[in-house]
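Visitor: Below is one structure. I have some questions about it.
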Amino acid sequence: MIDVHRQAFKEEAYELLSELESSLLELEERPEDEELIGRVFRAMHTIKGSGAMFGFDDIAAFTHEVETIFDMVRNGKLKVTKKLVNLTLQARDLIKSMLDGSDLGNGGDLDASFQIISGLRELAGEAPPEAPAEASDEPVAVPVASEATYRIRFIPGHHLFTCGSNPLTLLAELRDLGPCNVVAHTGGFPSLEEIDPEGCYVFWDIILTTSRGEDSIKDVFIFVEDDCEVKIEKIADYGPDADNADYKKLGEILLERGEISREEMDSVLGEQKRFGELAVSKGIVEQQSVMSALVEQQHVKEVRQAVQQAESASSIRVPAERLDVLVNLVGELVTVQARLTQTAASRGDAELVAIAEEVERLTGELRDSALNIRMLPIGSTFSKFKRLVRDLSSELGKEIEMTTDGAETELDKTVIEKLNDPMVHLIRNSLDHGIELPEVRQAAGKPRQGTVHLAAVHSGDSVLITITDDGAGLDKEAIRAKAVEKGLITATAELTDKELFNLIFAPGFSTAKKISSVSGRGVGMDVVKKAIEALRGSIDITSVRGEGATITVRIPLTLAIIESLLVKIGNDSFMIPLAMVDECVELTREDVARSHGRNLAHVRETLVPYIPLRERFRVAGNPPDIEQIVITQVNGTRVGFVVDNVIGEHQTVIKSLGRAYKNVEGISGATILGDGSVALILDVPQLVQSVEAEAA
Amino acid sequence: MAKVIMTADDSASVRQMVSFTLKQGGYEVVEAVDGKDALQKLSTTKVDMLITDLNMPNLDGIGLIKGARGLASCKFIPIVMLTTESQDSRKQEGKAAGATGWIVKPFKPEQLMAVVKKVLG
């Protein structure tokens, strides 16, 4: 854009120079013609002014010398002589050659310009210039101003408005500098008959806290300082050495501002009333002056408070292990508390029950705040992904922008850490397989730049993280062909889009045609899915071909304590994470008989497959006549679990099973119940998977 | 509605630069080639601000400022003059004629926008 302006300037300058030439020649004939002198001056002036603006500094500097001479001629201090005209013509030729050379970075002939300038100065009776010296570009040290409060009294000139100045824009500019309190003094208004409607009668006291220093305040008033009274005083600063004692008393402020004298202050202080009221009632100062001083007092107090708060609200860094210990202890406490409540209830001792209830309430609060400490905003990982996207997109030769939403959403620290790798994998996939090359996108009528949107949002006791790209979307046919090839489905299998998309999470599945350094190394989405499930989360894909894909990851808020449903099979207790439970229905002997051993239940006209847990876990004994089906929802499919009894909701502190039992299928952990017995926590997705695998 | 700013300058390149910068900033621009042209346009067009050069043929900047302040529609609008550092006396003259502020040439687009924002709010 600048080049366009430079070109415009050059064209204009050439025009002016040819005009200058003819004017100079005419001037030689009629040296007294003021019109001609004016024309020469203006030509020089324009070349100088515009030249500097568009980066022709050498031309501007040189032309300035010639302009100065013609300013003298214009003011009658110098006569037009043949020599002057000669020199000016030489100058004109030099400017022209400078313009010609400007594109080549040719600065013009320094000697020639020195000669001309010397000649001109001689004519003007001035000393010749110093030989061109090296410009000093030593940087000027800019002092860093710390935050300080200023008292500004701004008394506009009476004719402020007729100069086109608006005091309100000035006040608005002050507000941009920092927190600001403004008090208007309106006491100067004359009576209606005497008022000049175009005059300004108001003046202002402004208390401003800013870190930009006094000069920036002065800059605000730069256009009006000649006609207005502007008084700026520093009244407090907040640097490290600032003393934070109570701010000045009202009387002291007024005294400092020169609105009252010390004698007046002392005489008023002698009486036992509020100073402001007294001073006004005695007619020493006006109400508005007192108001303004009070505002100052308040302002400084507030800023000091804010400074102090900022200091005390700072955080403490604690090693993560200590937090883990705390959470573990809280977990134990919750367990003990459950026992206490149960024991108290069984004893029937009212006093003990009251204590148990109190302990229950406190434990609940303690648990919530202990878990809260471990919560971190997910934003820190988001910014890591931004970097990843930036680096990867250049590596892949794609133009990709990442946007984020809900960076402030909080998640358990451990969850965030464990989420990192799967998320990196998912984002890589979106970048590599999802978003097309810029040329391909353009051909498809999309913007060259692709977008990956990362969002996190709370949903009940989980957090939903979505990765949305506006790329090519999933290719259903390619997925189907691949799945058939890998023997995951039969060629004739009828699948919904959802089931089809879920195939990409199958082990060893990869649709990318070539292997890049980014993704497609065979350790594909199945690893991601496993990692997410290890966090008791789930993953889901939706996609429209040509428009992009959305991957939704649902993750529980915390790993330590969950809400779950306590069920019984025989004498054994089990926990089913409540987040997965849809509903509970009864299962009678007749129902079982009717389904002819196919393990399908009729629930409101739909068939729901179920897993009899008694059989699966080989629990001894006979089931009751009426069993219960706990229907869960995993990745959109409903599966029932048959148990003997449903006891109810339970706050479950998750304990790992230890190394020996780590690989037990279908169980993700254990917890201790109120009576001290152990309940196993069901790993619902894994159970469903293994049953499906056996059936296949 | 976008505010209207007039730029009066006999230099086409400065006019172009000022006009371009202001339009980028979301203002409407009326251009005038000298003081006479500007004053004539001011009598028929309502503008919110005037940016004028001081040295112009036919009617110079000072004359334009005085003339504009005489118009009812321009009595209270901000008027900013473009000066060079060598023209301090001219600056005073301009202030006396009713100019609101000034911009020292050479200036950059950002400086121009800062002054416009300062006086126009």
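Visitor: Stretched out fully, how many nm does the piece from A:E229 to A:V336 gain, at 0.36 nm a residue minus the Cα gap?
Guide: Result: 31.0 nm gained on full extension.
Visitor: For peptide A:598-610, compute the average count of partner chain beta-carbon atoms within 10 Å of each residue's beta-carbon. If you can, show how the numbers build up before the last one.
Guide: Working: counts 0, 0, 0, 0, 0, 0, 0, 0, 0, 0, 0, 0, 0.
Shielding by partners across A:598-610 averages 0.
Visitor: For chain B, modelled as a Gaussian network with Cα springs under 10 Å, which listed residue fluctuates most, B:D88, B:D60, B:D37?
Guide: B:D88
Visitor: A follow-up question, please. Exactly which trypsin sites (Lys or Arg not before Pro) in the range B:1-75 are in a DSSP loop and have at most 10 other Cβ atoms within 10 Å?
Guide: On the way: sites: B:K3, B:R15, B:K23, B:K36, B:K41, B:K46, B:K66, B:R69, B:K75; in loops: B:K3, B:K46, B:K75.
Here the sparse-neighbourhood loop sites are B:K46.
Visitor: Counting Lys and Arg as +1 and Asp and Glu as -1, what is the net charge of the other residues whose Cβ lies under 13 Å from the Cβ of A:G445?
Guide: -1
Visitor: While we're here: Lys and Arg at +1, Asp and Glu at -1: add these up for the other residues within a Cβ distance under 13 Å of A:V318 and post the number. Write down the numbers at each step before the final one.
Guide: On the way: positive: A:R317, A:R322, A:R374, A:K413; negative: A:E321, A:D324.
Computed value for this residue: +2.
Visitor: Measure out, as a whole number of angstrom, how far apart the alpha-carbon centroids of the range A:469-490 and the range A:680-696 sit.
Guide: Result: 25 Å between the Cα centres.
Visitor: Sticking with this one: Taking the Cα centre of the range A:561-695 as origin, sum charge times position over the Cβ atoms of Lys and Arg (+1) and Asp and Glu (-1), and report the length of that vector in debye to the nearest 20.
Guide: About 400 debye.
Visitor: Could you list A:M580, A:M291 so that the one with the fewest beta carbons within 10 Å of its beta carbon is first and the one with the most is last?
Guide: Least crowded to most crowded, the residues run A:M291, A:M580.
Visitor: Would you mind putting A:252-258, A:467-473, A:71-77 in packing order, based on average other-beta-carbon counts within 10 Å, highest first?
Guide: My ranking of the peptides, most packed first, is A:467-473, A:252-258, A:71-77.
Visitor: Provide the net charge surrounding A:I47, with neighbours chosen by a C-beta distance below 10 Å and charges set as Lys +1, Arg +1, Asp -1, Glu -1.
Guide: In short, +1.
Visitor: What is the calculated FRET efficiency for A:R347 to A:A693, with r their C-beta to C-beta distance and R₀ = 60 Å, to the nearest 0.05?
Guide: 0.75
Visitor: Once the Cβ-Cβ distance between A:K83 and B:N58 is put in as r, and R0 is 22 Å, what FRET efficiency do you end up with, to the nearest 0.05? Spell out each step's value before the answer.
Guide: Values: r = 31 Å, r/R0 = 1.41.
For R0 = 22 Å, the calculated efficiency reads 0.10.
Visitor: List the residues whose amide H sits under 5 Å from the amide H of A:I681, counting only those 5 or more places along or on another chain, with H placed 1.01 Å from N in the peptide plane.
Guide: Under 5 Å from the amide H of A:I681: A:M575, A:S668, A:G669, A:A670, A:T671.
Visitor: With a ≥ b ≥ c taken as the square roots of the eigenvalues of the C-alpha gyration tensor of chain A, please select rounded if a/c is under 1.5 and otherwise prolate if a/b is larger than b/c or oblate if it is not? Walk me through the numbers before you get to the answer.
Guide: Numbers: a/c = 3.86, a/b = 1.74, b/c = 2.22.
Oblate.
Visitor: Here is a follow-up. Would you mind checking the range A:66-84 for residues with the amide N under 16 Å from a putative spin-label position 7 Å along Cα→C-beta of A:D33?
Guide: The answer is A:74, A:80-82, whose backbone nitrogens lie closer than 16 Å to the label point.
Visitor: Another question, if that's okay. Return the distance in nm (one decimal) between the two label points of a simple spin-label model at A:I647 and A:E485, each offset 7 Å from Cα along Cα→Cβ.
Guide: Those two pseudo-labels are separated by 5.2 nm.
Visitor: What length, rounded to one decimal in nm, is gained on full extension from A:A172 through to A:N622, with 0.36 nm per residue of separation minus their alpha-carbon distance?
Guide: Additional length available on full extension: 153.8 nm.
Visitor: Apply the a/c threshold of 1.5 to the C-alpha gyration tensor of the range A:320-374 and tell me whether it is rounded, prolate or oblate.
Guide: Prolate shape, in that a/c is at least 1.5 and a/b is the bigger ratio.
Visitor: Now, a different point. Applying 1/(1 + (r/R0)^6) with R0 = 51 Å to the Cβ-Cβ distance of A:D100 and A:V182, what FRET efficiency is obtained, to the nearest 0.05?
Guide: 0.35
Visitor: Peptide A:159-167: average number of partner chain Cβ atoms within 10 Å per residue?
Guide: 6
Visitor: How large is the charge dipole for chain A, taken about the Cα centre, if only the Cβ atoms of Lys, Arg (+1) and Asp, Glu (-1) carry charge, to the nearest 20 debye?
Guide: Using only the charged Cβ atoms, the result is roughly 3740 debye.
Visitor: Once you place label points 7 Å from the Cα toward the Cβ at A:E665 and A:A593, how far apart are they in nm?
Guide: 3.3
Visitor: Using 0.36 nm times the number of residues separating A:D237 and A:R322, minus their current alpha carbon distance, what extension gain do you get?
Guide: Gain in length upon complete extension: 26.6 nm.
Just so you know, all these numbers are worked out from the coordinates, no wet-lab data involved. Because the structure is predicted, anything quoted here is derived from the model rather than measured. Here Cβ is always computed from backbone atoms with ideal geometry, including for glycine, and neighbour counts include all displayed protein chains.
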